[in-house]
Amino acid sequence: MTTNNPPSDTQPKQEPEQPKLSDTATAHMTVDPTASFVVFLIGMRVNRWWMLPAIWGVAAAMTRMMAELARRPESGLLSHESYPGRTTLTVQYWRSLDDLQRYAHAKDRQHVPAWQRWIQRTGLDGAIGIWHETYVIGPGQHESVYVHMPPFGLGRALPRMPAVGALRTARGRLEVGAG
């Protein structure tokens with residue numbers, strides 16, 4: 001509690017309480033609206049359920065890629081989350097487009113051999129569809145807020161900060177990011 005009494009040598013000065021980063025129950029949190037990053041959405045669609053070996057092969061390859069990237073933070077992958085279903089979705093946050101493309105084309109990493117195996121074994125028969133979308137995001141082109149949430153999405157990929165002052169509203173976060 002802050003008092004109106006001036007601080008003395010025996011009474012420490014008390015500052016207004018600021019939300020803590022770990023306080024997801026009461027704090028409105030956001031990420032730096034001036035940050036740049038890449039959002040990469042990738043997944044597969046099962047077109048022929050009876051082709052279980054092909055489905056498991058693609059799923060296993062994605063699992064190996066995510067494990068490889070987790071072991072190598074210098075790769076530039078900031079965070080990822082996956083959602084199962086007939087059409088799967090993995091949301092990935094990357095530090096830069098260069099990092100994403102460097103990984104995608106590195107012949108000594110999991111992606112290129114997995115892509116080549118998919119093309120050779122099932123890629124052209126239509127049993128499984130593969131899709132991805134890439135979004136390059138700059139300052140002022142994103143805003144986020146997290147209330148009563150643990151680290152999630154962009155708030156898991158980038159450091160969170162209290163959404164106070166100009167950062168309290170979506171418009172304010174976008175305006176701060178745009179500079």
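The values are calculated or read from the model by the stated rules, or taken from the named source; none is laboratory data. Everything numeric here is computed off the predicted structure, so don't read it as measured data. With ideal geometry, Cβ positions are generated from the backbone for all residues, glycine too; neighbour counts draw on all protein chains shown.
Go through (1) among the acidic types (Asp, Glu); (2) within 18 Å of Tyr135 (Cα to Cα); (3) in a helix (DSSP H, G or I) and name the single condition Glu81 misses.
Only one criterion is unmet by Glu81, namely (3).
Quick one: in region 93-121, of everything that is of a type in the set (Gly, Ala, Ser) and more than 17 Å from Pro73 (Cβ to Cβ), which residue is modelled with the lowest pLDDT?
Selected residue: Ala114.
Are there any pairs with C-beta distances below 7 angstrom linking a residue in region 105-121 that is in the same structural domain as Pro53 (by TED's automatic domain parsing) to a residue that is basic (Lys, Arg), with the two at least 6 apart or on different chains, and if so which?
Short answer, once both residue conditions are applied: Gln110/Arg64.
Examine region 108-131 for a residue that is part of a strand (DSSP E or B), over 23 Å from the mean Cα position of the chain (by Cα) and either surrounded by 14 or more Cβ atoms within 10 Å (Cβ to Cβ) or of a type in the set (Phe, Trp, Tyr) (or both), and state whether such a residue exists.
yes
Among the candidates Arg45, Arg102, single out the residue that is within 18 Å of Ala114 (Cα to Cα) and in a strand (DSSP E or B).
Arg45
Sort out which residues of region 36-50 are among the hydrophobic types (A, V, I, L, M, F, W, C) and buried (at least 17 other Cβ atoms within 10 Å of the Cβ), and write them in order of number.
Of everything in region 36-50, those that are among the hydrophobic types (A, V, I, L, M, F, W, C) and buried (at least 17 other Cβ atoms within 10 Å of the Cβ) turn out to be Phe37, Val38, Val39, Phe40, Ile42, Met44, Val46.
Failed condition for Thr2, given (1) modelled with pLDDT under 90; (2) of a type outside the set (Gly, Ala, Ser); (3) under 30 Å from Ile128 (Cβ atoms), with all others met?
Every condition holds for Thr2 apart from (3).
Could you please find all residues in region 36-95 being in contact with a helix residue (DSSP H, G or I) (Cβ under 8 Å, 6 or more places away or on another chain), under 18 Å from Asp125 (Cβ atoms) and small (Gly, Ala, Ser)?
Ala54, Gly57, Ala61
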